[in-house]
Amino acid sequence: MPPTSHRTQVAIVGAGPAGLMLSHLLARAGIDSIAVDLRSRREIEETHRAGILEQGSVDLLVDTGVSDRVHRDGYRHEGIELAFGGGGHRIDFAGLVGAAAQLYPQTDVFVDLADARARDGGDVRFGVTDVEVDDLLDSTPVLRFTDEAGERHEVRADFLVGADGSRSVCRRQVPEAERRQYFREYPFAWFGILVEAPMSAPELIYNHSPHGFALISQRTESLQRMYFQCDPADDVADWSDDRIWEELQARVGANGYTLKEGPITSRSVLPFRSFVQEPMHHGRLVLAGDAAHTVPPTGAKGLNLALADVRVLAEELERAVATGSTDPLATYGERALARVWKAQHFSYWMTTMLHTLPDATPFDVRRQEGELAAVTGSTAGSTYLAEAYTGWPGQD
């Protein structure tokens, strides 16, 4: 049986936050799209991911009519704590740069976007298989997939977008001779837990101590997210609740904090890496979000970069659809990469400043403490951190 044929203006591979936000923005501009994802909606909703939004990401959700739930259910954070040398040092975002970050889980961002696309009649297909993209240099590239019912589909579009994550099918379609890949792997990971307990602190604590790095975050009044530096080869089965709490309490206790404990409901090991592929387009294919770049989570930039990508991409695709030209795709890549590399630097800087390298000498550790003291003791240093963490407000 031949596949069911479709025609649309933009075909999007990946219906996570990046793909859904792009579909939403295109619809607001009167541009049709079809978005597909290998995962079911439930699978995406049940995947716990980072939850710190820059001010620009919050504004994008609210101002484009996705949802205002980020204000109602999220937590506005006007600073963070850098803990080292026996105490805490607050970076005052609001006072330094007049901006804030919002604690709002990525799962909720996805739910808001999926609900908005359903509300607006968007064509989004979850749980597809056998995804293929082809004819990228032709005037109508093609997306092929099999839906949940086992029916084969072929979508002809004016442009294709790969927003399909770090294991991107679309990224591999860029010929090796035409792409440049930049990659760094880190010799540590995060051991992350979800815990049923009250908040241990009103804002995030980035903790550097002789016992190792820890990040104390929040989710809700009764569910918290915490991380500590570990070996990428660590097995979660080797870590009992008692051992986890002993490790976390030792790390934050060195700087005068005590955590509120509770049942641990989830645990995972999260490896670190930095990656960028250039260019972010090939023919009539463009890449967005994790398909084009990933960052270590220390700077809370992954989701924010993806949303920043598609905000720019929607503008350039509107020009491309109107003119039929691929020139705006190159312009998109140039604009997006300017922010990507700023975010790569910030994420690398935060990571190397706060984590302990496996072969670190006492000099290395004391030098890190000196760097942290220089940042927190300087208005200029603290302002740089505040600007980058909140998304360089006013600089786009």
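Select from Gly51, Gly14, Gly95 the residue whose mean-square fluctuation is largest in a Gaussian network model of the chain (Cα-Cα springs shorter than 10 Å).
So, out of Gly51, Gly14, Gly95, the one fluctuating most is Gly95.
Taking 45 Å as R0, compute the FRET efficiency from the Cβ-Cβ separation of Arg90 and Ala233 and round it to 0.05.
0.80
If you bin the C-alpha pair distances of the range 96-253 every 5 Å from 0, what whole percents do you get?
All Cα pairs, binned at 5 Å, distribute as 1, 6, 10, 12, 12, 12, 12, 12, 11, 7, 3, 1, 0 percent.
Given the Cα atoms of the range 97-171, and with Rh set as the inverse mean 1/r over their pairs in the Kirkwood sense, what is Rg to Rh to two decimals?
Ratio of gyration radius to Kirkwood radius for the range 97-171: 1.08.
Mind checking which helices in the chain clear 27 Å along their axis (Cα) and have mean Kyte-Doolittle hydropathy of -1.0 or more, DSSP H runs only?
Once both thresholds are applied, what remains is 302-323, 327-354.
Once fully extended, how much extra length lies between Leu357 and Glu196, figured as 0.36 nm per residue of separation less the alpha-carbon to alpha-carbon distance?
54.9 nm
Tell me, what % of the accessible area of the range 53-99 is carbon and sulfur with a 1.4 angstrom probe?
Carbon and sulfur: 42 percent of the exposed surface of the range 53-99.
Given the protein chains as shown and a 1.4 Å probe, how many square angstrom of Ile193 are accessible, to the nearest 10?
0 Å²
Take the Cα coordinates of the range 208-271, assign each an equal point scatterer, and use the Debye formula without solvent to give log10 I(q)/I(0) at q = 0.16, 0.17 Å⁻¹.
Reported log10 I(q)/I(0), two decimals: -0.53, -0.60.
Can you tell me the FRET efficiency between Thr4 and His345 if r is taken as the Cβ-Cβ distance and R0 is 45 Å, rounded to the nearest 0.05?
Step by step, r from the Cβ atoms, then E = 0.45.
Measure out, as a whole number of angstrom, how far apart the alpha-carbon centroids of the range 233-288 and the range 160-174 sit.
25 Å
To the nearest 10 Å², what's Asp364's accessible area with a 1.4 Å probe?
Roughly 60 Å² of Asp364 is accessible to a 1.4 Å probe.
Over the Cα atoms of the range 300-396, each weighted equally, I'd like the Debye log10 I(q)/I(0) at q = 0.19 Å⁻¹, rounded to two decimals.
Once normalised to I(0) and log-transformed, intensities are -0.94.
Report, in deg cm²/dmol and to the nearest 500, the calculated mean residue ellipticity at 222 nm for the chain, where each DSSP H run with n ≥ 4 adds -39500 (n - 2.57) and the sum is divided by the residue count.
About -11000 deg cm²/dmol.
Rank Ser222, Ser168, Ser266 by accessible area, highest first, at a 1.4 Å probe radius?
So, going from the largest accessible area down, we get Ser222, Ser266, Ser168.
Any idea what the relative contact order of the range 301-361 is, in percent, if you count C-alpha pairs under 8 Å spaced at least 6 apart?
Across the range 301-361, relative contact order equals 33 percent.
Between rounded, prolate and oblate, where does the range 333-380 land on the alpha carbon gyration tensor, with a ≥ b ≥ c its root eigenvalues, rounded for a/c under 1.5, else prolate if a/b exceeds b/c?
Because a/c hits 1.5 or more and a/b fails to exceed b/c, the range 333-380 counts as oblate.
Long-range amide H contacts for Phe188: which residues qualify at under 5 Å (H placed 1.01 Å from N, peptide plane, sequence gap of 5 or more or a different chain)?
Phe272
Count the net charge of all other residues whose Cβ sits under 10 Å from the Cβ of Val131, scoring Lys and Arg as +1 and Asp and Glu as -1.
Every neighbour counted, the sum reads -3.
Using only C-alpha atoms and all pairs of different ones, pull out the Kirkwood radius for the range 194-300 in Å with one decimal.
Computed over Cα pairs of the range 194-300, the Kirkwood hydrodynamic radius comes out at 15.8 Å.
Just the accessible area per residue of the range 307-396, please: how many Å² with a 1.4 Å probe?
45 Å²
Taking every pair of Cα atoms in the range 1-56, average 1/r, invert it to obtain the Kirkwood radius, and report Rg/Rh to two decimals.
When Rh is taken as the Kirkwood radius, the ratio is 1.07.
Compute, for the chain, the length of the dipole vector about the Cα centre, with Cβ point charges of +1 (Lys, Arg) and -1 (Asp, Glu) only. Units Debye, rounded to 20.
400 debye
Where in the range 42-95 are there GluC sites (Glu not before Pro) that are in a DSSP coil and have at most 13 other Cβ atoms within 10 angstrom of their Cβ?
The qualifying sites are Glu46.
At a Förster distance of 35 Å, what's the computed FRET efficiency of Val365 paired with Asp135, Cβ-Cβ distance as r, to 0.05?
0.05
Based on the alpha-carbon set only, what is the convex hull volume of the range 255-312 divided per residue, in Å³?
Value for the range 255-312: 154 Å³ per residue.
With the radius of gyration and the Kirkwood radius both derived from the Cα set of the chain, what is their ratio Rg to Rh?
On the Cα set of the chain, Rg over Rh gives 0.99.
The values are calculated or read from the model by the stated rules, or taken from the named source; none is laboratory data. These figures come from a predicted structure and were not determined experimentally. Note that we place each Cβ from the backbone using ideal geometry, even for glycine, and neighbour counts take in every protein chain shown. We work out accessible area using only protein heavy atoms, side chains counted, and drop any ligands, DNA or RNA first. Shrake-Rupley method; radii C 1.70, N 1.55, O 1.52, S 1.80 Å.
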